Amino acid sequence: MKQEAISSLVARRAFLRKIGRAATCAGAIAAAGALGVMPKAVAKSAPASRRGSFPTADYDWTQHRWGFGVDATKCIGCLRCVEACKRENNVPADAHHFNTWVERYVYLEGETTARVDSQSDPQNIAASGSEKEYRFDNRYQNTKVEKAFFVPKLCNQCEHPPCVQVCPTGATYRTQDGVVLIDAKYCIGCQYCVQACPYGARYFNVRTRVTQKCYWCYHRITKGLQPACVEACPVGARIFGDRNDPQSPISLFIRNNRVQVLRPETGNAPNVFYVGIDKEVG
């Protein structure tokens, strides 16, 4: 047998073993779910050394508990947050993939159900003139609007994330400071996590062949910086901070407002807290 053929056979067998392990693990997870004994997601282990912890030697993830707030009464739908996130996190430059996005809720006079659209709506894409630019159109300018508001959305970094529970390889995990991350080295692109997320916060990046989502700019917050979207917001509609600090922006936001989370009935315990939204927002 030629050397090229042998190399090809070895590579094929290695690939099949990898798929077999993933399928076995996924089957076990599915069986556990059917029996109603799906285990709760757990964080990765504590720091490996006394010098510090992931991701840098001078950052200790056991000392922080990050949280995110959204004030929908302030959001003006300018979409600067979306643009900043795209640039910062290498998100595909099109109108269909986002780590964070903004939805518009409009109640017309005489209607009891909100009309909902986002920057990925075809009419909004047409209004911007490009899939690389984002704006909301003026479709309601000649109608009687009873109420309207914008709702920024992103990964909720849940306390009990279903995406972690269904991941067959451990690529998705929750850190000790409360952020759900994806290790691209272990992601096999099965997209179970995409289906498990009830908030639509994950998508498959066809360029990198792995799942992607918002990480609250983990590479920034572990260095003492704000997430890119928070920094870009011109009206302070996005709030971020350490919940272990009672005087941090997020602690004050939660303490001074009647906050709510999206889809509390799931039991996921989201860590994005909202004010100014209706029950229709999910």
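The values are calculated or read from the model by the stated rules, or taken from the named source; none is laboratory data. A quick note: this is a predicted structure, and the numbers were derived from the prediction, not measured. Positions of Cβ are generated from backbone atoms using ideal geometry, with glycine treated the same way; all protein chains shown enter the neighbour counts.
Would you confirm whether any residue within region 181-196 is among the polar types (S, T, N, Q), assigned to a loop (DSSP other than H, G, I, E, B) and modelled with pLDDT of 95 or more?
The answer is yes; a qualifying residue exists.
Do we have any residue at all in region 145-164 that's farther than 21 Å from Cys85 by Cβ, in the same structural domain as Pro264 (by TED's automatic domain parsing) and buried (at least 17 other Cβ atoms within 10 Å of the Cβ)?
Yes, because at least one residue in region 145-164 is farther than 21 Å from Cys85 by Cβ, in the same structural domain as Pro264 (by TED's automatic domain parsing) and buried (at least 17 other Cβ atoms within 10 Å of the Cβ).
Give me a count of the residues in region 181-231 that are of a type in the set (S, T, N, Q) and buried (at least 16 other Cβ atoms within 10 Å of the Cβ).
5
Could you please find all residues in region 81-127 being within 26 Å of Asp278 (Cβ to Cβ), buried (at least 17 other Cβ atoms within 10 Å of the Cβ) and hydrophobic (A, V, I, L, M, F, W, C)?
Passing the criteria: Cys81, Val82, Cys85, Ala95, Phe98, Trp101, Val102, Val106, Ala114, Ile125.
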